[in-house]
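The values are calculated or read from the model by the stated rules, or taken from the named source; none is laboratory data. Since the structure is predicted, the reported quantities are computational estimates derived from the model, not experimental observations. Here the Cβ is made from the backbone with ideal geometry for all residues, glycine too, and neighbour counts use every protein chain on show. Surface areas here come from the heavy atoms of the whole protein model, side chains and all, with no ligands, DNA or RNA. Shrake-Rupley method; radii C 1.70, N 1.55, O 1.52, S 1.80 Å.
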Amino acid sequence: MENSVLFAENETFDWEEQTLFADLILPVPIPQLFTYRIPRVLNASIKNGARVVVPFGKNRVLTGVVANIHHTPPAKYQAKYIAELLDEEPLVTPYQIELFRWIADYYLCHIGEVLNVALPSGLKITSQSKIQFNPDFDHPDLLTEEETALLGEIKQYESLTYEEVGRRVGDQNVNHIIKSLIGKRAIVLFEEVKEKYKPKVVKKLKLKGIYETRENLLDLIAQLDKTPKQQEIVMRYVSQVPIQNDPYSNREGLDKSRFTQDETLSDSALSTLLKKGIFEEFEVTMSRFADVKPSFEGETSIQLTPAQQRAYDDILGQFQEKDVVLLHGVTGSGKTEIYVNLAQQALVSGTQVLFLLPEIALTTQMVVRLKKVFGDKLGIYHSKFSDNERVEVWKGVISGQFQFVVGVRSAIFLPFDNLGLIIVDEEHESSYKQYDPAPRYHARDVSIVMAQRQRAKVLLGSATPALESYYQALHGRYGLVKLTERYASATLPEYVLVDTKVEKKQKKMKNEFSSVLLEGIQDRLERNEQVIIFQNRRGYSSYLQCEECTWIGECENCDVSLTYHQRDAELRCHYCGHTEAVPKFCPHCGSTKVRTVGFGTEKLEDQLKIIYPTARVARMDLDTTRAKNAYKEIIEDIEQGNIDILVGTQMISKGLDFEGVSLVGIFDVDRMIHFPDFRSPERAFQLVTQVSGRAGRRAGRPGRVLIQTSNPNQKILQKIIANDYDGMYAEEIAERETFGYPPFTRLIRLTTRHLESNIAEQAAQKLAQLLTAKMGEERVRGPQAPLVERVRNRYLFDILIKLEREKVNFKAAKAFILEKVTDILTDKSLKGADVTIDVDCL
């Protein structure tokens with residue numbers, strides 16, 4: 001258990017004779033660690049942080065991480081034996097285990113839930129893992145008789161689970177053989193729900209070995225005089241492979257695609273050369289990182305402008321006294337160049353660097369820039385990578401191959417043990433917050449704790465900082481550095497508020513577009529400049545509605561309307577993923593008068609293609625970027641001028657740098673401002689300012705931002721067009737202090753869930769009563785149903801807890817909350833009720 005007695009550092013034992021036990025972190029939502037007995041054969045080799053395979057329950061097999069090694073057996077149950085040790089050297093560091101404990105404690109979840117999110121699936125072996133033969137394995141001479149027999153059995157099937165392998169060979173404990181086969185790369189593991197292993201194979205051609213001598217090669221060319229098409233292929237090969245000067249170069253060969261994709265060469269002639277044995281075809285398995293790891297060391301430095309240099313020096317000066325510094329730089333001010341110079345300094349000092357970004361799309365563009373400086377030292381870590389790729393980065397951090405990692409929020413779980421600097425770019429972004437599943441952590445806040453434990457520094461960067469971060473900086477807890485001018489003499493964009501009520505009254509609107517915006521787009525197209533259209537709602541339209549009976553298509557699992565997606569001809573729920581075919585008539589009254597209501601990015605894209613038929617229009621949202629390289633392809637297209645108009649959701653607002661964009665059009669700003677949430681004004685300011693910052697980033701090409709609104713006089717819009725962040729901050733912080741919102745309080749949201757609405761409500765009411773009895777009504781608000789009352793067939797009720805920062809013992813309050821939540825979960829009258837806890841909810 002967690003409080004087991006540990007060996008003192010100076011205490012020695014005869015490890016091979018001692019009965020040892022290990023407390024393990026298992027990836028399951030249970031509060032305690034599990035104690036297992038260590039087989040004596042492993043006594044001398046097992047270490048804290050190593051992964052082990054253990055039986056769990058009746059039929060499950062799990063991967064655990066060793067947290068403590070001791071000699072105290074568990075008091076309440078007989079410890080099972082560890083089945084297998086997976087790591088000779090630990091893959092989880094002491095810093096990580098300490099961090100896992102802190103996250104579990106702070107965010108009121110279980111340490112197993114933290115481990116489950118932290119470890120990439122490729123490092124977890126469970127009974128649901130499957131095994132398949134590795135088609136690239138070609139060293140059968142390395143196998144023992146046992147391994148050969150087992151591999152022969154595996155080859156007969158497309159894939160097998162651990163249990164299936166055991167049943168087929170009559171041995172339930174084949175873990176040690178499987179581990180050895182994995183080590184020899186004879187088999188590969190994959191999660192059943194994940195993509196199976198598919199080696200990246202390139203077909204190549206080479207001349208037969210006898211033609212590597214000059215004499216034989218010349219004879220071959222002469223023999224082919226009568227077949228000029230075949231001779232041309234051989235000559236083409238020789239012109240690209242210096243076989244006469246370096247015969248060994250022939251063994252590398254050339255990609256077959258160079259010949260098959262060349263229309264000037266004959267495919268039949270190539271086939272004949274292969275049949276004759278003049279050419280030989282072979283395959284090469286390429287690294288999955290071949291496209292993202294160029295083999296160069298990178299440039300040495302980036303020259304800073306005077307303004308950047310002042311900010312850089314100021315940051316270093318403030319790091320002498322502060323562990324966290326906030327860099328408040330306007331959009332396009334060149335914060336990245338400052339980040340690069342700080343990272344270089346940290347690396348020179350021998351420490352590691354973590355660079356966090358809020359969005360995979362931003363990671364894609366940033367990586368290209370960082371690779372030019374840091375070369376192969378740079379690792380990339382995000383969810384678009386396969387399990388195998390993420391494991392490679394994980395191990396690269398441990399081995400020292402990757403001293404600098406750029407990634408999204410999950411990168412905080414990588415096994416750093418010598419951090420010198422953490423950079424959190426666009427630190428205000430809500431994307432840093434994990435919502436489901438637990439732990440519901442905030443990567444920005446966790447990174448600050450990581451840095452404290454490893455004595456590293458943290459730089460938070462944003463053009464529109466979170467109010468909480470700016471408050472901390474103004475009150476001296478963080479350092480504060482400002483960068484108020486754009487890079488390379490570029491100017492901030494001009495804002496224009498377009499009154500859509502006036503446009504509609506004068507009948508100037510065309511579909512969703514004002515005349516001012518259409519004229520602006522036309523002007524930019526004529527000048528060969530690019531346009532971004534921002535609408536923070538994907539899909540074609542918000543929903544379908546019957547004009548006769550007002551029926552609206554709703555999700556059968558959630559209390560929310562289904563969004564219409566024209567391209568896929570379906571109605572889709574953006575909460576649970578449920579889809580339905582588009583009805584040809586109203587399901588309620590049978591009327592054919594079913595129309596679309598509202599608009600999303602897909603509809604705007606279609607309308608723009610009709611209005612500007614010669615313009616190249618593209619869309620960037622969740623629907624168009626599901627494929628692994630989709631972000632990269634869209635970003636490259638706009639950078640290379642292959643896109644004239646880009647329509648997108650908030651992912652286009654996050655730090656992307658497009659020099660050709662001079663106009664930004666913003667839709668639906670009123671909905672953002674009036675969304676029922678105390679953070680709405682702040683978020684509207686941040687989102688509009690950030691997406692506006694994509695315009696005019698090139699000197700000599702001023703940017704313009706057209707904001708369509710039905711009320712141009714709204715105070716927050718006036719703050720936006722004046723670029724008045726401090727004014728917005730002053731108003732919002734005063735309101736938050738008056739009404740008791742962060743940063744003056746901490747918020748914890750408790751959500752009860754159940755298949756039946758009345759039980760979910762009863763659980764919420766009872767929990768609120770238990771909490772209010774001690775904490776008071778001022779601190780416990782609710783319960784009330786959220787905006788979406790049912791998700792995935794479960795009814796929801798929220799309780800919001802406000803805890804004053806200066807008056808309440810936060811740790812004691814959380815312990816009390818957890819105690820009362822446990823009371824609800826164990827209440828038999830509320831069987832099946834579930835409670836989720838979101839600490840520091842957004």
- Message: Against the conditions (1) over 18 Å from residue 94 (Cβ atoms); (2) modelled with pLDDT under 85, where does residue 31 fall short? Just the number, please.
- Response: (2)
- Task: May I ask you to list the residues in the stretch 647-672 that are open to solvent by 10 Å² or more (accessible area, probe 1.4 Å) and either charged (D, E, K, R) or within 13 Å of residue 512 (Cβ to Cβ) (or both)?
- Result: 657, 659, 668, 670, 671
- Item | Unmet requirement for residue 270, which otherwise passes all of (1) open to solvent by less than 80 Å² (accessible area, probe 1.4 Å); (2) of a type outside the set (Gly, Ala, Ser); (3) at pLDDT below 85 | (3)
- Message: Which numbered condition in (1) of a type outside the set (Ser, Thr, Tyr); (2) within 18 Å of the chain's Cα centre (by Cα); (3) closer than 28 Å to residue 725 by Cβ is the only one that residue 368 fails?
- Response: (3)
- Expected output for the stretch 586-603 (first residue without any contact (Cβ under 8 Å) to a residue 40 or more places away in the chain and in a loop (DSSP other than H, G, I, E, B), partner surrounded by fewer than 18 Cβ atoms within 10 Å (Cβ to Cβ) and of a type in the set (D, E, K, R), Cβ below 8 Å, 6+ apart or cross-chain) is 592/584
- Query: Between a first residue in the stretch 744-762 that is open to solvent by less than 10 Å² (accessible area, probe 1.4 Å) and a second residue that is of a type in the set (Phe, Trp, Tyr) and not in a strand (DSSP E or B), which pairs have beta carbons less than 9 Å apart while being 6 or more apart in sequence or on different chains?
  - Reply: 747/741
- Task: State whether one or more residues within the stretch 605-615 are buried (at least 22 other Cβ atoms within 10 Å of the Cβ) and either modelled with pLDDT of 90 or more or part of a loop (DSSP other than H, G, I, E, B) (or both).
- Result: yes
- Scan of the stretch 781-829 for residues that are at positive phi and within 31 Å of the chain's Cα centre (by Cα), ordered by number: 792, 793
- Filtering the stretch 679-717 down to residues that are open to solvent by 10 Å² or more (accessible area, probe 1.4 Å) and out of contact with any helix residue (DSSP H, G or I) (no Cβ under 9 Å at 6 or more places or on another chain) yields 701, 702, 713
- In the list 424, 449, which residue meets the criterion of being in a strand (DSSP E or B) and not basic (Lys, Arg)? 424
- Task: Give the number of residues within the stretch 477-532 that are closer than 17 Å to residue 712 by Cα, of a type in the set (A, V, I, L, M, F, W, C) and surrounded by 14 or more Cβ atoms within 10 Å (Cβ to Cβ).
- Result: 7
- Note on the structure: Taking the stretch 561-571 and the residues there that are under 27 Å from the mean Cα position of the chain (by Cα) and surrounded by 19 or more Cβ atoms within 10 Å (Cβ to Cβ), the one that is nearest to residue 756 (Cα to Cα) would be 562
- Residue selected from the stretch 533-543 under the condition open to solvent by 20 Å² or more (accessible area, probe 1.4 Å) and touching a helix residue (DSSP H, G or I) at 6+ places or on another chain (Cβ under 9 Å), by the criterion modelled with the lowest pLDDT: 540
- Query: Which is open to solvent by less than 10 Å² (accessible area, probe 1.4 Å) and at pLDDT 95 or above, of 357, 326?
  - Reply: 326
- For the stretch 49-67, state whether one or more residues are buried (at least 18 other Cβ atoms within 10 Å of the Cβ) and assigned to a loop (DSSP other than H, G, I, E, B). yes
- Message: Can you list residue pairs whose Cβ atoms sit under 7 Å apart, with the first residue in the stretch 99-116 being at positive phi and the second being in a helix (DSSP H, G or I) and of a type in the set (Lys, Arg)? Count only pairs 6 or more apart in sequence or on different chains.
- Response: 108/814
- Task: Test residue 111 against the criterion of being open to solvent by less than 30 Å² (accessible area, probe 1.4 Å), out of contact with any Phe, Trp or Tyr (no Cβ under 6 Å at 6 or more places or on another chain), modelled with pLDDT of 85 or more and under 24 Å from residue 416 (Cα atoms), and give yes or no.
- Result: no
- So which residues in the stretch 807-842 are open to solvent by 50 Å² or more (accessible area, probe 1.4 Å), basic (Lys, Arg) and either under 18 Å from residue 113 (Cα atoms) or not in a loop (DSSP other than H, G, I, E, B) (or both)? 811, 828
- Would you mind telling me which numbered condition in (1) free of Cβ contacts under 8 Å to residues at least 24 places away in the same chain; (2) open to solvent by less than 50 Å² (accessible area, probe 1.4 Å) residue 786 fails? (1)
- Query: Within the stretch 130-147, can one find any residue that is closer than 18 Å to residue 181 by Cβ, open to solvent by less than 10 Å² (accessible area, probe 1.4 Å), β-branched (Val, Ile, Thr) and outside any loop (DSSP other than H, G, I, E, B)?
  - Reply: yes
- Query: Which fully enclosed helices (runs of 4 or more DSSP H) of the stretch 311-409 have 2 or more residues being more than 18 Å from residue 117 (Cα to Cα) and in contact with a helix residue (DSSP H, G or I) (Cβ under 9 Å, 6 or more places away or on another chain)?
  - Reply: 335-348, 360-374
- Residue check for residue 417: open to solvent by 70 Å² or more (accessible area, probe 1.4 Å) and in contact with a strand residue (DSSP E or B) (Cβ under 9 Å, 6 or more places away or on another chain): yes
- Message: Scan the stretch 89-104 and tell me whether some residue there is at pLDDT below 90, in contact with a strand residue (DSSP E or B) (Cβ under 9 Å, 6 or more places away or on another chain) and closer than 28 Å to residue 838 by Cβ.
- Response: no
- Message: For the structure I just gave you, tell me whether residue 497 is of a type in the set (A, V, I, L, M), in contact (Cβ under 8 Å) with a residue 12 or more places away in the chain and touching a Gly at 6+ places or on another chain (Cβ under 6 Å).
- Response: no
- Which residues, taken from the stretch 451-466, are open to solvent by 10 Å² or more (accessible area, probe 1.4 Å) and either free of Cβ contacts under 8 Å to residues at least 24 places away in the same chain or polar (S, T, N, Q) (or both)? 452, 454, 455
- Message: Being touching a Leu at 6+ places or on another chain (Cβ under 7 Å) and surrounded by fewer than 20 Cβ atoms within 10 Å (Cβ to Cβ) narrows it down to one residue among 391, 368, 397; which is it?
- Response: 391
- Tally, over the stretch 763-783, of residues that are assigned to a helix (DSSP H, G or I), over 13 Å from residue 817 (Cβ atoms) and free of Cβ contacts under 8 Å to residues at least 60 places away in the same chain: 3
